[in-house]
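The values are calculated or read from the model by the stated rules, or taken from the named source; none is laboratory data. It should be emphasised that the depicted structure is a prediction, and the values quoted were computed from it without experimental measurement. Methodologically, a virtual Cβ is constructed for each residue, glycine included, from the backbone with ideal geometry; neighbour enumeration extends over all protein chains shown.
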């Protein structure tokens with residue numbers, strides 16, 4: 001059955017060419033579109049290994065996660081787009097077999113369906129209908145895919161969302177794709193059931209005005225720009241910043257001119273924040289869950305490219321967005337590209353697939369997360385010729401500081417000379433046992449003489465699992481421990497960042513409640529971290545380092561090219577066996593002091609020259 005003609009016309013008028021775009025011939029112009037060309041090159045290389053990774057039943061082999069509830073669908077769609085754009089019949093066949101597997105009953109654990117799976121199936125159905133309508137490979141599996149679409153209900157999206165989550169954007173894409181497909185159902189629970197017109201209408205309102213309304217109170221001025229951390233509140237993990245930018249940009253592209261000015265403003269404010277939080281080496285996701293995963297880079301690049309095209313975007317802002325896209329794709333090329341699956345989803349995977357399994361998010365792996373990255377690269381490569389204004393510099397290419405977010409999402413970045421750092425204000429109340437959401441120094445990078453950047457500290461590691469914890473500073477007594485949480489971060493030029501706040505209970509009953517501050521002062525070799533203690537305090541501060549050639553003694557530790565010293569001299573405990581998103585082997589250096597007087601504790605973290 002086909003959708004009513006009036007609704008179908010509305011959808012076409014809303015710009016559905018964005019859904020079905022699969023490449024356009026480049027005009028004969030002298031200027032080249034470097035960003036699009038890089039995206040296309042990356043997509044080719046990521047897609048290349050997958051035909052040989054497919055089982056007879058269509059399942060795509062994943063060395064990290066096994067069977068995913070959406071991996072075959074997302075990678076299948078991404079390969080379909082790639083194969084059609086490049087005219088690669090083998091890739092197209094691989095894609096269609098994966099999509100059939102992903103939409104067959106019994107192919108998934110407990111027949112569970114993910115919103116990302118629904119999204120990919122909708123994109124794939126519409127693309128195949130446009131490009132392969134009379135191709136026997138598609139006509140053979142089309143009834144299976146259509147049956148899958150008919151069975152799907154909404155999971156979280158509703159007419160009046162009262163909070164934001166990236167899954168709501170995913171489901172918005174599901175609605176737009178499924179309703180446009182022309183597939184219908186008589187079930188009132190189905191997305192394409194009798195109420196599909198109303199569902200489409202409130203989904204469109206959510207994109208036009210609902211999302212902007214939910215972020216009105218989150219807008220923060222930074223360096224004269226209106227910015228917003230566009231992630232899942234209250235903790236706003238940075239991986240979801242890039243993901244949400246990409247998802248929102250795609251919904252806006254599907255709505256075309258009807259997306260509206262409020263949506264455009266929200267997307268631009270999110271990109272202004274990303275321009276300020278991105279490290280000089282393109283790192284965009286250095287705290288929270290899914291940190292350092294490749295898809296957030298590809299999604300941010302796509303969203304930035306779409307924002308360049310929005311009416312009324314000044315050329316200076318277009319250049320900023322171009323710089324975000326370029327830096328993100330260069331990081332994929334330099335850090336993530338390669339391996340048996342075409343892409344290392346996490347940097348650590350290049351070192352050890354086995355140890356990567358220990359820290360991979362539930363449902364993640366080479367197929368789902370590689371598929372997401374490839375999907376956004378496809379979106380970039382599919383776009384028409386667009387050389388852009390030429391890239392500007394991102395904020396961290398020069399000296400200065402930015403303070404972003406507020407409350408639970410407070411974050412600051414700073415560059416002084418050849419040192420760049422990021423400081424998170426508060427540890428998560430909801431996830432006290434996940435140190436990836438901890439406060440304090442979450443990233444520290446130093447520029448080497450050849451112009452490259454090196455991480456002086458590893459990412460906060462999720463493995464091994466542990467009780468409520470913090471890198472510190474922490475004040476302890478026999479009954480428990482209290483960690484520092486900042487309510488304000490001030491930038492003091494070359495004197496660095498100052499986090500102002502108080503200590504609060506991490507575990508037990510420490511009975512410690514006091515205000516304080518932590519200072520992060522850049523020095524030539526790295527950063528000096530300091531905080532005050534009182535006589536009788538038992539204080540701790542931890543640094544996570546790549547575990548390579550380590551040695552310690554007399555208040556210091558050196559490992560992986562980084563040296564950490566303390567003043568006054570601390571007792572240093574070394575705890576190996578951690579795994580982070582950057583490093584397969586991480587040690588925790590735990591510095592501790594029994595204060596004999598009121599003073600400031602100093603911990604200096606220095607890297608190679």
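Only one entry in 91, 64 is modelled with pLDDT of 95 or more and farther than 14 Å from residue 141 by Cβ, namely 91. Scanning segment 450-460 for residues that are surrounded by fewer than 23 Cβ atoms within 10 Å (Cβ to Cβ) and touching a residue at least 12 places away in the same chain (Cβ under 8 Å) gives 452, 453, 454.
Can residue 15 be described as at pLDDT below 95, over 25 Å from residue 336 (Cα atoms), surrounded by 14 or more Cβ atoms within 10 Å (Cβ to Cβ) and in contact with a helix residue (DSSP H, G or I) (Cβ under 9 Å, 6 or more places away or on another chain)? In short, yes.
So, residue 382, is that one crowded, with 19+ Cβ neighbours inside 10 Å, over 26 Å from residue 509 (Cα atoms), touching a residue at least 60 places away in the same chain (Cβ under 8 Å) and assigned by TED's automatic domain parsing to the domain that holds residue 346 or not? For residue 382, the condition - crowded, with 19+ Cβ neighbours inside 10 Å, over 26 Å from residue 509 (Cα atoms), touching a residue at least 60 places away in the same chain (Cβ under 8 Å) and assigned by TED's automatic domain parsing to the domain that holds residue 346 - is met. A count restricted to segment 334-348 and to residues that are closer than 14 Å to residue 292 by Cα and surrounded by fewer than 24 Cβ atoms within 10 Å (Cβ to Cβ) stands at 5. Assess whether residue 74 counts as being part of a helix (DSSP H, G or I), in contact (Cβ under 8 Å) with a residue 40 or more places away in the chain and more than 21 Å from residue 369 (Cβ to Cβ). It is false that residue 74 is part of a helix (DSSP H, G or I), in contact (Cβ under 8 Å) with a residue 40 or more places away in the chain and more than 21 Å from residue 369 (Cβ to Cβ). Just one residue in the set 410, 377 is within 20 Å of the chain's Cα centre (by Cα) and more than 20 Å from residue 249 (Cα to Cα); that residue is 410. Annotation note: of 175, 145, the sole residue that is crowded, with 23+ Cβ neighbours inside 10 Å, more than 24 Å from residue 204 (Cβ to Cβ) and modelled with pLDDT of 95 or more is 145.
With the structure loaded, tell me whether residue 137 is modelled with pLDDT of 95 or more and either part of a helix (DSSP H, G or I) or in contact with a strand residue (DSSP E or B) (Cβ under 9 Å, 6 or more places away or on another chain) (or both) or whether it fails that test. Show your work before the answer.
Numbers: modelled with pLDDT of 95 or more: yes; either part of a helix (DSSP H, G or I) or in contact with a strand residue (DSSP E or B) (Cβ under 9 Å, 6 or more places away or on another chain) (or both): yes.
Answer is yes for this residue.
Among strands (runs of 3 or more DSSP E) entirely within segment 428-517, having at least 2 residues that are closer than 26 Å to residue 402 by Cα singles out 440-447, 453-455, 480-491, 497-508.
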